[in-house]
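Notes follow the structure.
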Amino acid sequence: MTSFAVTKLVAAKDLRIELRSRVLINQVLPFAAITMVLFAFALDQDDLLVRVAPGLVWLATLFSMLVVVQRSFAVEAGDGALDALRVAGVPAQGIYFGKAAALAVQLLVLETLLFAAAFVLYSSRFDGAGVFLLITSALAASCGLGLVGTLYGGLTTGTKGRESLLPLLLLPVVAPVLIGATRATEAALGVGRISMQEGWAWVALLVTYALLFGIGGSIGFGPLVDDTA
Amino acid sequence: MKTGFVILSYVATFGGIAILVAVMMRRARSMSARLPPEDQPWT
Amino acid sequence: MVLGLDLVEQREAVRSRVGLLGHSNGLYTDLTITENVAFWGATVGASAEEVSAAVERMGLAGRLSDVPVRKLSAGQRRRTALACLIARRAELWLLDEPHAGLDAAGRDELDTVLRAATAAGAMMIVASHEMERAGALATRMVEVAGGQIRGQIRGQESGTP
Amino acid sequence: MSGPTSTRATRAIGIATIVGLIWFVAFGLFLSPDDAVQRKGVRILYIHVPSAWLAYLAFIVTAVSSAAYLWKRTRSLTWDRLAGASAEVGVLFMGITLLTGSLWGRVSWGVYWVWDSRVTTTAFLFVTYLGYLAVRGLGGSHEQRARRSAVVALLAVLEIPLVHFSVEWWRPLHQQESIAKGKLQNLMLFSLFVGVIVFTLLYVWLVMHRQRVLAMQDALDDRGLEFAIAERRQEASL
């Protein structure tokens, strides 16, 4: 069974479970929406809100990602499915990329809705040229977050104190994605003093980040989740 | 005021290290008492 | 040597042909029986017919097969897990106390299913505390205590398991 | 100073460290002159700079010993314990670096924290290795702990350039800081040099002792484990 086939299979399985249980729509999205509203309360000035809207969207995405990652591995650990997969010799790379892809898709759905909320709540505006940059940076960032989230999610499954360990490990690691995605989005929306051309440079950083964690993660994921010596 | 900060940095640094070393030594002594020599190859 | 594979060199390769079933069934509780078995079958590229045959053989066909696993009884879950083993063409089954947590009816169902599976040629090593039940199934029994083999209760020294 | 984890080697290094420390404090506080620009502030740098270098050295040692553990041929729990001990000492030095850095910032520019790339990367490293130590604290057998923390240590190495590069772009280095380093007279350079030597000795001494304490901890766990198995075996044969 090639890793690529396993990747598709695992990704399809994760997304089907998500469609069936709808945790993203029932729990994660309301959580993200509330976070956006609370940001608005905290910042309170409308012109400031427009300026920092990209940062707020990506912050809301990061915090929501923690919930989605925990859910993604609660499904595996619940009845020992992940261990069963590994004991059955299913390649770890396949599982890693499969779960990362499913996580990335869910994050993209989340980001689309959060950007819509930003246009409503924070009255963000942007011209046509920025759309392409916005979409590319969201795609690159989601891939990076999906890979890193799956890697550290796999590490912390089934361990005590998991709720607090995942943020401690994950949030520092995704700092480059937060910086890169926010700058690229600011360039796309034309807020802040960043040019479109610089925005594309940040997208390059996001792509490098995703590639590095794609390679490093696929090597590290197996040993991290295997409990056998 | 500046000398205060300078003194503070020296005291905090070396005081902190001294405390940590004392704690480590105390724990080492209690553990070593409960372990036979063959578990402590460096002795 | 297990199934013709050297356990030292080909550790990974032997895994896909061995089915281990411990106390946890390794199922996705949000998915239905068919979806679980189809998923496991797909890991070895099994056809839809093989999947439905596996579900059929475990007595889970019909309306039951579209019920999410979280709504099933312990016995039904255990049989779903066994159906997954069949779907992924596991040749050697390692069952760790399969009867644990099942009521009397569940155990009888499980015995009939295990007997049918061995009749169809599956090789099984069952670890169980229940001497009479396991005894009825086994062609060869070995008593193990404190990690050492104590004695041979029934079955030839050598020959087929 | 001789405890159960001391040997001739650690005693020698220990004495050298203490002598060095006395020298260091003497030079750092009294013998070296005030800096022309920042007067007394430079004395804090004598701690800040060496401890930063030692923190980086400690994390390099952790990464190398993690790789050594993961490589089949050189796999042994000693490498794992060395990685753990070095990371702990590294976090200690990184904490000192951040503390003295903010005190120095307060003295030089009147502000405790400045969001430039070097300080931010240092803070990031501090949090990353706190995460690494948290991973070491997870349960499981020693081999599981070793393998899991080795992978995390190597992933940390993968992250550092990424973070450094993105933070560098985000906030370029502050100008004043580079000027302050520029014109240190020879006596000050000597204090800095003594600082690096002494801190390295201190690092080696701490790691040797810490590594042995971890070895004893593992031995105690194993004894506890063996006792439980023996008891069960005895129980089974009744």
*Cα atoms only, chain D: Rg and Dmax in Å?*
21.4, 83
*Other-chain or far-sequence residues with amide H under 5 Å of C:ALA145's (modelled H)*: C:ARG150
*In nanometres, what is the gap between the two model label sites at B:THR3 and D:TRP71, each 7 Å from Cα along Cα-to-Cβ?*
5.4 nm
*Going toward the positive end of the dipole of the protein assembly as shown, with +1 on Lys and Arg Cβ and -1 on Asp and Glu Cβ, which of D:SER32, C:VAL69, A:ALA188 do you reach last?*
D:SER32
*Label-reachable residues, the stretch D:123-157, where backbone N falls under 15 Å from a point 7 Å from D:ASP221's Cα toward its Cβ*: D:133-151
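Can you give the FRET efficiency to the nearest 0.05 for A:PHE31 and A:VAL120, using r as the Cβ-Cβ distance and R₀ = 30 Å? Walk me through the numbers on the way to the answer.
On the way: r = 17 Å, r/R0 = 0.58.
The computed FRET efficiency comes out at 0.95.
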_Cut-off 13 Å, label point 7 angstrom out along Cα-to-Cβ of A:LEU113: give me the residues of the stretch A:56-89 whose amide nitrogen falls inside._
A:61, A:64-65, A:68
*Keeping to pairs on different chains or 8 or more places apart, tell me how many lysine pairs in the protein assembly as shown have Cα atoms under 18 Å apart.*
5
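Between D:TRP23 and D:LEU130, how high is the FRET efficiency from 1/(1 + (r/R0)^6) when r is the Cβ-Cβ distance and R₀ = 35 Å? Nearest 0.05.
Working: r = 32 Å, r/R0 = 0.92.
Approximately 0.65, to the nearest 0.05.
Based on the Cα atoms of chain A, what semi-axes does the equivalent ellipsoid have, where each is the square root of 5 times one gyration tensor eigenvalue, given in whole Å with the largest first? Mind dumping the intermediate values first?
Details: eigenvalues 207, 69, 44 Å².
Computed over chain A, the values are 32, 19, 15 Å.
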*Simple spin-label model, 7 Å along Cα-to-Cβ: D:VAL111 to A:VAL50 in nm?*
2.7 nm
*At q = 0.11, 0.14 Å⁻¹, work out log10 I(q)/I(0) for chain C with the Debye formula, treating every Cα as an identical point scatterer and leaving solvent out; two decimals please.*
-0.46, -0.75
*Determine the shape class of the stretch A:132-229: with a ≥ b ≥ c the square roots of the Cα gyration tensor eigenvalues, call it rounded for a/c under 1.5, and otherwise prolate if a/b is greater than b/c, oblate otherwise.*
prolate
*Round to a whole angstrom and tell me the spacing of the C-alpha centers of the stretch D:30-47 and the stretch C:1-74.*
71 Å
*Given a Förster distance of 60 angstrom, what is the FRET efficiency for D:ARG8 paired with C:ARG63, based on the Cβ-Cβ distance and rounded to 0.05?*
0.15
*asked:* I need the fraction of alpha carbon pairs in chain B separated by more than 18 Å, rounded to a whole percent.
replied: 51 percent
*Name the residues of the stretch C:115-130 whose amide N is less than 18 Å from a point 7 angstrom out from the Cα of C:GLU97 along the C-beta direction?*
C:125-130
*Hey, rough spin-label estimate for A:ALA74 and B:SER30, points 7 angstrom out along Cα→Cβ, what's it come to in nanometres?*
3.8 nm
*Using alpha carbons only, how many degrees (0 to 90, rounded to 10) separate the axis of helix D:8-25 from the longest principal axis of chain D?*
20 degrees
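With helices defined as uninterrupted DSSP H runs, which ones in chain A have an alpha carbon span along their own long axis of at least 15 Å and mean Kyte-Doolittle hydropathy of at least 1.0? List each step's numbers first, then the result.
Values: long enough: A:3-21 (27 Å, 0.34); A:29-43 (21 Å, 2.35); A:46-78 (46 Å, 1.16); A:92-121 (42 Å, 1.64); A:129-156 (41 Å, 1.59); A:162-173 (17 Å, 1.25); A:175-189 (21 Å, 0.93); A:196-225 (41 Å, 1.26).
Sorted by number, the helices that extend far enough and score high enough are A:29-43, A:46-78, A:92-121, A:129-156, A:162-173, A:196-225.
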*What residue among A:VAL28, A:TRP58, A:LEU38 has its Cα farthest toward the positive end of the dipole of the stretch A:3-222, where the charges are +1 on Lys, Arg and -1 on Asp, Glu, each on the Cβ?*
A:VAL28
*Cα extents of the protein assembly as shown along the three principal axes, largest first, in whole Å?*
93, 74, 39
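Every read-out reported here was derived from the displayed coordinates using simple, explicitly stated rules and does not represent laboratory data. Bear in mind the structure is a predicted one, so any value in this text is a computation, not a measurement. Positions of Cβ are backbone-derived with ideal geometry, glycine not excepted, and every protein chain shown enters the neighbour counts.
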